[in-house]
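Before any comments, here is the structure.
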Amino acid sequence: MKIIEGKVIVCSPGRNFVTLKLVTDEGIYGIGDATLNGREKSVVSFLEDYVVPCLIGQDASRIEDIWQYLYRGVYWRRGAVNMTAIAAVDMALWDIKAKAANMPLYQLLGGKSRDKVMVYAHANGHDIEEVVDEVGKCLEQGYQAVRVQCGIPGLDKTYGVGKKNERYEPADSSIPSEHVWNTTKYMTHVPQLFRRLRDVYGDQLELLHDVHHRLTPIEAARLGKELEPCRLFWMEDPVPAENQESFRLIRQHTTTPLAVGEVFNSIFDCKSLIEEQLIDYIRATVVHAGGITHLRRIADFASLYHVRTGCHGATDLSPVSMGSALHFDSWVPNFGIQEHMAHNELTEAVFSHGYQFEAGHFVPGERPGHGVDIDEQLAKKYPYKRACLPVNRLEDGTLWNW
Ligand code: KDG
Ligand code: MG
């Protein structure tokens, strides 16, 4: 079965998505997500100019060999743009193989390890009481795990908190908008938020929080320690993780579980974190970490060290990623949790999918392949709109991590 065409589809049904469609000479096609938030066109160009021409004529059934060809065979390895493009090819090829076998993708991976996939929702608010209400709404919808983010008194904009009455979408401006950060204000507010949530909702609800790379190791250690009585499911991305060893210090001081890795694109980004058991959940995801072929390798490695998966699933990952992730999550033995941030109605119309929500969980569905398709005609109605992620500065103007 030969690849005869590779088409890159860019659309913006509320936010930008890049989709790769690979077509074979047997008429079977597969699609893969190639969305890299705020850098969409770099992946488009890389796919169109370099990757797709090399795929024409290749045997679509040789997923592993094509992965090695695009990774090992290339002198310039790794990097977000490169690995997102490889991921899109890989997802599309798994889709093709599963369709050719007339099976849902999870069957090809080894079958289901669980009946349903636990997901966590997002609740955010400008102040603590608004967050309390939002968490209540998630519980009414059946979620059993909720990530909470709250506005910080004295700071104008906060990561994870939308503008009044608007969905949160971080890529909000054609030139990066600027946020202002103050660690002391944040560190004094967050424990109050979680104490209040435990008072209102008790001990059973799973609560998660994303620090979004804002702290230093010793600050993260202190926050983790302070939050211990509130029993978080995880504290995510407490510090930037380029220096994996910095997690040793955090780990020595707190039993709050740690989740890291949504910006990782290779197993080498998390090698020490996993080997030294410095984290509890690895958040590498199918679209930014080289597809199912590479994510499976990361998960297998993590399983040796009691690290479980917690795939990234924000709205900038298209339904194609969500579908692929849910098949992966259904199979992976060391599954932890899956992030779910609902896409808007336009996105749901452009991308039809077989996955379904069931009381705080998702099931991947039984459609052959990963079960997600794109309506190309409808997609054309929503052309690309330039949108960048924000930058962050301290109050004195120093550039900080966003
Ligand atoms: O593109 C950036 C977002 O995906 C990211 O900010 C979301 O941190 C995030 C999360 O945990 O979902
Ligand atoms: Mg995050």
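Taking Gly136, Gly371, Gly110 as the candidate residues, the one with maximal mean-square fluctuation in a Gaussian network model of the chain, Cα springs under 10 Å, is Gly110. With the convex hull drawn over the C-alpha atoms of the chain, the volume per residue is 132 Å³. Note on the stretch 26-67: Cα Rg divided by 2.2 N^0.38 Å, N the number of residues, gives 1.32.
The phi torsions of the stretch 134-140, fed into the Karplus equation with coefficients 6.51, -1.76 and 1.60 and a -60° offset, translate into couplings of 5, 5, x, 5, 5, 5, 4 Hz, rounded to whole numbers, with Gly and Pro shown as x.
Lys97 contributes an accessible area of around 70 Å² to the protein surface, as traced by a 1.4 Å probe with all chains present. Note on the stretch 141-205: Rg/Rh from Cα positions, Kirkwood definition for Rh, rounded to two decimals, is 1.02. Remark: the stretch 308-318, residue by residue, has Karplus-estimated 3J(HN,Hα) of 10, 7, x, 4, 4, x, 6, 5, 7, 9, 6 Hz, where x stands for each Gly or Pro and the curve is 6.51 cos²θ - 1.76 cosθ + 1.60 at θ = phi - 60°. Secondary-structure-derived ellipticity at 222 nm for the chain, considering helices only, amounts to -10000 deg cm²/dmol, per-run term -39500 (n - 2.57) for DSSP H runs with n ≥ 4. At q = 0.15 Å⁻¹ the log10 of I(q)/I(0) for the stretch 72-186 amounts to -0.95, computed by Debye summation with a single uniform scatterer per C-alpha, solvent ignored.
Put the Cα centre of the stretch 201-273 next to the Cα centre of the stretch 34-105 and the gap is 31 Å.
By how many nm would the segment from Arg77 to Leu139 lengthen if fully extended, with 0.36 nm per residue of separation less the alpha-carbon distance?
Residue separation times 0.36 nm, minus the Cα-Cα distance, leaves 18.0 nm.
For Cys311, the residues whose amide H sits under 5 Å from its own are Ile337, Glu339, ignoring neighbours fewer than 5 places away on the same chain, with H placed 1.01 Å from N.
Using only Cα atoms, find the angle between the long axis of helix 183-201 and the longest principal axis of the chain, and express it within 0 to 90 degrees, rounded to the nearest 10. For 183-201 against the chain, the angle is about 90 degrees. Could you tell me which of rounded, prolate or oblate describes the stretch 249-402, using a ≥ b ≥ c as the square roots of the eigenvalues of the alpha-carbon gyration tensor, with rounded for a/c under 1.5 and, failing that, prolate when a/b is larger than b/c and oblate otherwise? Oblate, since a/c reaches 1.5 and b/c is not below a/b.
Helix 80-100 and the longest principal axis of the Cα set of the chain meet at an angle near 60°. Below 8 Å between Cα atoms, with a sequence gap of 6+, how large is the relative contact order for the chain in percent? In percent, rounded to a whole number, it is 23.
Label separation (Asp203 vs Glu178): 4.8 nm, computed from points 7 Å beyond Cα along the C-beta direction. Annotation: amide H-H contacts under 5 Å for Ser318 (H modelled 1.01 Å from N, sequence separation of 5 or more, or interchain): Thr35. Using a simple spin-label model with points 7 Å from Cα along the Cα→Cβ vector, what separation in nm is obtained for Gln377 and Gln252? Distance between the two pseudo-spin positions: 6.4 nm.
Taking θ as phi - 60° and the Karplus parameters 6.51, -1.76 and 1.60, the scalar couplings of the stretch 46-54 work out to 4, 5, 5, 7, 10, 7, 4, x, 6 Hz in sequence order, x denoting glycine and proline.
Proximity of backbone amide H atoms, modeled 1.01 Å from N, is registered between Asp172 and Ser177, Cys388 at under 5 Å, excluding neighbours fewer than 5 places apart on the same chain. Between the helical axis of 217-227 and the longest alpha-carbon principal axis of the chain there is an angle of about 70 degrees. With springs only between Cα atoms under 10 Å, which of Thr84, Thr216, Thr347 fluctuates most in a Gaussian network model of the chain? Most flexible of the set in this elastic network: Thr216. For a paramagnetic label modelled on Met1 (point 7 Å from Cα along Cα→Cβ), amide N atoms under 17 Å away belong, within the stretch 66-82, to 66-67. Note on the stretch 1-132: along the principal axes its Cα atoms extend 58, 37, 28 Å, ordered by decreasing extent.
The values are calculated or read from the model by the stated rules, or taken from the named source; none is laboratory data. These numbers were taken from a predicted model, which means no experiment stands behind them. Virtual Cβ from ideal backbone geometry, glycine too; neighbours counted across all protein chains shown. Surface areas here come from the heavy atoms of the whole protein model, side chains and all, with no ligands, DNA or RNA. Shrake-Rupley method; radii C 1.70, N 1.55, O 1.52, S 1.80 Å.
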